[in-house]
Amino acid sequence: MKVSIRITAARLVTLLLLAALLCAGVQTTVAKENKLSMSIGDITNIEKIGTDPTLDSVIWPDNGGIQKYHYFTHGSSLITLDGNGKITPWLAESYEVSDDYKTITFHLRKGVKFADGTPLNASIVKFNIDRVILFGWKDMLTNRSVSRLSKYYDYSEASDEYTFKIHFTKGWADMPFEIATPDFMGLFISPYDVSPAWDIKGMLNSDKTYNGLGPYYVDENESIPKQKIVLIKRDSWRDDCNFHKHMLDKIVLAYIADPQTAVMALEKGDIDYICRAWNAPLDALTKLEKNSEITIKTSPEVRMYLLRTAYWKEPFNGTDGILLRKAVCSALNRTEVVKGAFNSYALPATDSMYLSPDRPDVPKCCGKGYDYDLDKAKQLLEEAGWMDTNGDGIRDKNGKSLKDLDLVVSSASSVSWEKDLALVVQSQLKKIGIEVDIRTVDSSEYVKAMKEGNFDLMVHFGYGRSNPLSQELGYFNFKPGYLKNYYENQNETLQTIVEKVQNSASEEERNKYVCQVCDILYEEAGVIPLVYPMQYAVMSKNVKGFELGPSQSYSNLDRVEDCWIEG
């Protein structure tokens, strides 16, 4: 009996040890769950679950529309942009464009599958492209944005199982870029998941709403629309193909409307990352830089912040208006602007009049701008006839004064830097005898002022890598009755040249006209360059592997799912 008791005791000890180890293993597994929480600043991005991203929400408000989670459940475009704004393959392992830019051919990556195991092939890609352009997003493409993808779309074809082509009736040099960037061109569904199957006008079956090419699905039990969306990792073709393997087990999209509240949530550890589409405000960065628990990642941006002028009316119109604009360009110390308005999260824009030479699609001819030169600014004003005749420090001419020029800025929290920027500009222009009155308006009044031209000066910006080159120049070629163009030259050739850029059928032809645009903007100081803002992303120090995408406007290209959590 004694032996038996000892054996039983030994076994008991062994069992207890095994149990303890198993418990420890379970606890270790739980502790190692790689979970990232990120703030979303717009409730419309997480207000619904189960919608079809291949349908426009305006036409199908109940079951259509893109939500933020779709980039994780469905997101996989044929081609995309890397962090420098260059086109790079994704679902397609390579692509070619015909000499006339009327046809683009994609060679699809083998091994790509939907979540239910359905293999991706050229016929499925054709189904999705036809569905989006000819049906699901047709209204938006043709009536609201006048997209060239829709305007010039001819037909698509599946040449073989892994070769897909799109044909256009007219070619244009930026066509590949315009395929790479729209959200709706990279959120595919399976044609077997609509009723009737393979019908581009079919409706998505309710039990197939998350059967996409993305590596996550929505946990509907844990998700609360308009509050948070919880995404859970699933098996994906990315694992099978060893392609951008997703590292996070769970991603939580949490709605936090106020940017400052999002910053506080990050500081407390309630979230791990502030989505760049609704970024931490600039004035919060100085404090965050001192927090050892926070990481701020940065990279140069190519979008330009600038001043628009009322070039159609006094004092900015005519030949003397050109001299006045040149004087303003020369009077601005952009290094001080960077420090005073952007906490050094920007670079002076002295190397261009609108298009950054650092864009991969901008020809070298655009690399010229205005340096800070106060004496030159004063000389230009005198050449235009602006003198200080009464000694009040403000220049005047023919009984009119450069006093109380109306500088319009927006009060929107997303552009809180505009007020600080305006104050620096106001101070600097005072040195050459120009007095500026800052008028702060809400977003609706800001747009109204743009449309009606109710301003003398206005803070605005380009969109950089978010737009193809020809579209970025589209702000100088608005439709009549829409918004005032950023600039129109005196002989009214600028709009015509921009249109030629937009319709160029080769890069060589496009670049020729782009150079003409840049020459006009430089010679006439069409806009007044200020700075290139820095891209930045704010996150917990425990977030690893994060890489900035091409632009804040395309925060989905930051590839958050490629990150992981340590610590």
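No lab work stands behind these numbers, since they all come straight from the coordinates. Remember, predicted model here, so these are calculated numbers, not experimental data. Cβ sites come from the backbone with ideal geometry, for glycine too, and all protein chains shown count toward neighbours.
Find which of ILE251, PHE461, LEU285 sits farthest along the positive direction of the dipole of the chain, computed with +1 on the beta-carbon of Lys and Arg, -1 on that of Asp and Glu, about the Cα centre.
Positive-end residue among those listed: ILE251.
Is there a quick way to get the dipole size of the range 305-533? I mean about its Cα centre, with the Cβ of Lys and Arg at +1 and of Asp and Glu at -1; what is the value in debye to the nearest 20?
260 debye
Helix 507-523 against the longest principal axis of the chain: what's the angle in degrees, Cα atoms only, rounded to the nearest 10?
50 degrees
For the chain, give the magnitude of the charge dipole about the Cα centre (Cβ charges: +1 Lys/Arg, -1 Asp/Glu; no others), in debye to the nearest 20.
My answer is approximately 1400 debye.
Just to be sure I understand, if you calculate semi-axes √(5λ) of the Cα gyration tensor in Å for this structure, which of (i) 37, 29, 22; (ii) 70, 25, 22; (iii) 50, 32, 19 do you get?
The listed entry that was calculated here is (iii).
Give me the net charge of SER444's neighbourhood, meaning all other residues with Cβ under 13 Å from the Cβ of SER444; Lys, Arg count +1, Asp, Glu -1.
-1
Take every Cα pair under 8 Å in the chain that's 6+ residues apart, average their separations, divide by the length, and report that relative contact order as a whole percent.
For the chain, the relative contact order is 18 percent.
Go ahead and estimate [θ] at 222 nm for the chain from helices alone: -39,500 (n - 2.57) per DSSP H run with n ≥ 4, summed, over the residue count, rounded to 500.
Rounded to the nearest 500, it is -8500 deg cm²/dmol.
With unit charges on the beta carbon (Lys/Arg positive, Asp/Glu negative), name the residue among LEU324, ASN242, SER413 whose Cα is farthest towards the positive pole of the charge dipole of the chain.
ASN242
Round to the nearest 10 and give me the degree value, 0 to 90, for the angle of helix 122-131's Cα axis relative to the longest principal axis of the chain.
That works out to roughly 50 degrees.
Among the listed pairs LYS364/LYS448; LYS86/LYS479; LYS326/LYS484; LYS364/LYS500; LYS68/LYS544, which have their C-alpha atoms separated by more than 26 angstrom in this model?
LYS364/LYS448; LYS86/LYS479
What whole number of Å gives the distance from the Cα centroid of the range 437-478 to the Cα centroid of the range 219-283?
A separation of 31 Å, based on Cα centres.
Would you mind calculating the relative contact order of the range 305-533 from Cα pairs under 8 angstrom and at least 6 residues apart, reporting the percent as a whole number?
32 percent
Give, as a single signed number, the net charge of other residues whose beta carbon lies under 9 Å from the beta carbon of LEU405, with Lys and Arg counted +1 and Asp and Glu -1.
Summing Lys/Arg as +1 and Asp/Glu as -1 gives -4.
Angle check, please: helix 494-503 long axis (alpha carbons) against the longest principal axis of the chain (alpha carbons), in degrees 0 to 90, nearest 10.
30 degrees
Summing +1 for each Lys or Arg and -1 for each Asp or Glu, what net charge is found among the other residues whose Cβ lies under 12 Å from the Cβ of ALA284?
Once all neighbours under 12 Å are counted, the net charge is -2.
Give me the percent relative contact order of the range 423-560, please, defined on Cα pairs under 8 angstrom at least 6 residues apart.
After rounding, I find 16 percent.
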